[in-house]
Amino acid sequence: MRIAFIGDIVGKPGRDMIQKHLKSIRDEYEVDFVIANYENASHGFGLTSKNADELVSFGVDCMTGGNHTWDKKEIIPLLDTHELLRPHNYPDEVHGTGCKVYEVAGEKLAILNLLGHFSMPQVDNAFRKAKQAVKELKESGVKNIFIDFHAEATSEKRAMLMMLQGEVSAIIGTHTHVSSDDFQISEGTAYLSDIGLSGCRDNVIGMDSKAPLKQFLTGLKSHFDIPRKCKKILQIAIMDISDGRCSNAFKLKYFCDGRILKTEAWIES
Ligand code: FE2
């Protein structure tokens, strides 16, 4: 199967880029299944039901969350009615699920969403929960496992790779909104510390620079907002996965001025 992943969609600029490009990317690259992270999709904070429906109509099949999952109250019913995950390592009594299994191109594909620890809400241990989830998925016959690890620290993300390389098909990081340059395939596991945002690229993490700058200059909290005008980008990873292993992966960056950049994942020797 060929799957695609879009990281943090930041507000309308991110949604616009998905509307503009995703259908043609699906056709051109013959993508079977698209995953995207929704946690900043609605004006930077959470997801509304209108935007959830919109993203589905643009060609997104399943959406993952993070620390901003709960920012809009309507996420609670949406977790039941839409193909949405919240991080798996929230305690079991928290609404929603962090792991779903789909039938894609004749094979089973599990999507697992995890939340890191550094600078994040206190949740259950991501590493122990991941280990247990992977064990249970394998016991139930699911070999293809995609993980969105929503975390701040690259060290946590690398540690997750060291624990699960050869065990899962892909671990792609989200949350920092800044793309890293380490796309690789290690023992059949595609890995990228962070895929980076889809949204405005000429500011601070997709938000108007005025508020973060004021915050850093004064130490006082400021309300972050999506810029009215900006330079947009769509970042998408495409991976060929079968029998639990990733054999080929690359990343595409679509700029709003028409440029497209392609980066191949290296195969770790
Ligand atoms: Fe986040």
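Before moving on, here are some points about what is shown:
- Once the stretch 38-58 is narrowed to residues that are hydroxyl-bearing (Ser, Thr, Tyr) and within 16 Å of the ligand (Cβ to nearest atom), the residue that is farthest from residue 226 (Cα to Cα) is 38.
- Among the residues making up the stretch 1-37, those that are in a loop (DSSP other than H, G, I, E, B) and more than 16 Å from the ligand (Cβ to nearest atom) are 1, 29, 30, 31, 32.
- Candidate set: the stretch 39-60, residues that are surrounded by fewer than 18 Cβ atoms within 10 Å (Cβ to Cβ) and farther than 14 Å from residue 11 by Cβ; chosen: the one nearest to the chain's Cα centre (by Cα): 56
- So residue 31, is it at pLDDT 95 or above and under 19 Å from residue 98 (Cα atoms): no
- Applying the condition of being aromatic (Phe, Trp, Tyr) and farther than 13 Å from residue 254 by Cβ to the stretch 11-38 and asking which residue is surrounded by the most Cβ atoms within 10 Å (Cβ to Cβ) yields 38.
- Of the residues making up the stretch 135-153, those that are within 16 Å of the ligand (Cβ to nearest atom), under 17 Å from residue 88 (Cα atoms) and either of a type in the set (A, V, I, L, M, F, W, C) or without any contact (Cβ under 8 Å) to a residue 12 or more places away in the chain (or both) are 147, 149, 151.
- Residue check, residue 95 within 15 Å of the ligand (Cβ to nearest atom) and over 18 Å from residue 60 (Cα atoms): no
- Residues that are of a type in the set (Lys, Arg), over 15 Å from residue 130 (Cβ atoms) and assigned to a loop (DSSP other than H, G, I, E, B) are absent from the stretch 103-115 altogether.
- Residues of the stretch 75-102 that are surrounded by 19 or more Cβ atoms within 10 Å (Cβ to Cβ) and in a strand (DSSP E or B): 84, 99, 102.
- Among residues that are out of contact with any His (no Cβ under 7 Å at 6 or more places or on another chain), touching a residue at least 24 places away in the same chain (Cβ under 8 Å) and not in a loop (DSSP other than H, G, I, E, B), residue 118 is not included.
The values are calculated or read from the model by the stated rules, or taken from the named source; none is laboratory data. Note that this is a predicted model, so its numbers are computed, not measured. Glycine gets a Cβ as well: all are built from the backbone with ideal geometry, and neighbour counts include every protein chain shown.
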